[in-house]
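Only one structure is covered here, and it is reproduced in the block below.
Readers should treat all values here as calculations from the given coordinates under stated rules, not as data from a laboratory. Since this is a predicted model, take the numbers as computed values, not measurements. We place every Cβ from the backbone using ideal geometry, glycine too, and count neighbours over all the protein chains shown.
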């Protein structure tokens, strides 16, 4: 999607990746930056000086171009005098810190009056909350992960409302796998084919999309039946949120879900 439809000129980056060294869906074709702390990132980037050489080999030219992009992105994302200072309180822990960093990066593109600075910003931010591979002791581990997720979502919503961005932001969860519903011998569950996901934002029409889990209709491996193809969620984002041609990106037509208000 990013390779075929560039983000508006002047954006700091296509995307930010927080909480993981893995770039996920932003690994190919996107100008994505792994960012820990905007201020720290900006300070570190000053050690990278843009270099211009009259004659450069292709490999060196690529490295220098990447360094120049990092310097430019850091300059746009670092906190500046007059930026909007968030009043939202963020939860402790790694996920809370990632949420805070994400919101600070967005706030770096706001004036003290909460007005977006033309050209600053990113199109997508990827946050990671690890630990859902609960093969053992799932009741305690899963409850704690959901507590962290809920606290992070509450803070994220509060910060986005504070910046006037709640209606302009779409939050969607995704994972590489689901879980089976039968408990294993270690008080956990094993890998499955289906999962539930959340979509949130000011323009999201709340409710259940798809079907409630059909516990009486498990397949031969103990998996839940799938009622929504995950690519329908991607099609919803591409078509209805970003206004792109999802079929061109997904190489097939998938019906968007009717979960966005106009």
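Subtracting the Cα-Cα distance of residue 142 and residue 229 from their residue separation scaled by 0.36 nm leaves 28.9 nm.
Fully extended, how many nm does the chain gain between residue 197 and residue 135 (0.36 nm per residue separation, minus their Cα-Cα distance)?
On the way: separation 62, 0.36 × 62 = 22.32 nm, distance 1.96 nm.
Result for the pair: 20.4 nm of gain on full extension.
Need one word for region 156-232: rounded, prolate or oblate. Basis is the Cα gyration tensor (sqrt eigenvalues a ≥ b ≥ c); a/c below 1.5 gives rounded, then a/b vs b/c decides. In terms of gyration-tensor shape, prolate. In this label model, residue 92 and residue 186 are separated by 2.9 nm, measuring between points 7 Å along each Cα→Cβ vector.
Rounded to the nearest 0.05, what FRET efficiency is calculated for residue 167 and residue 218 with R0 set to 41 Å and r the Cβ-Cβ distance? Walk me through the numbers before you get to the answer.
On the way: r = 40 Å, r/R0 = 0.97.
That pair, residue 167 with residue 218, gives E of 0.55.
What distance in nm lies between label points placed 7 Å from Cα along the C-beta direction at residue 154 and residue 22? Calculated label separation equals 2.9 nm.
Using 0.36 nm per residue and subtracting the Cα-Cα separation, the extra length available between residue 211 and residue 251 on full extension is 11.8 nm.
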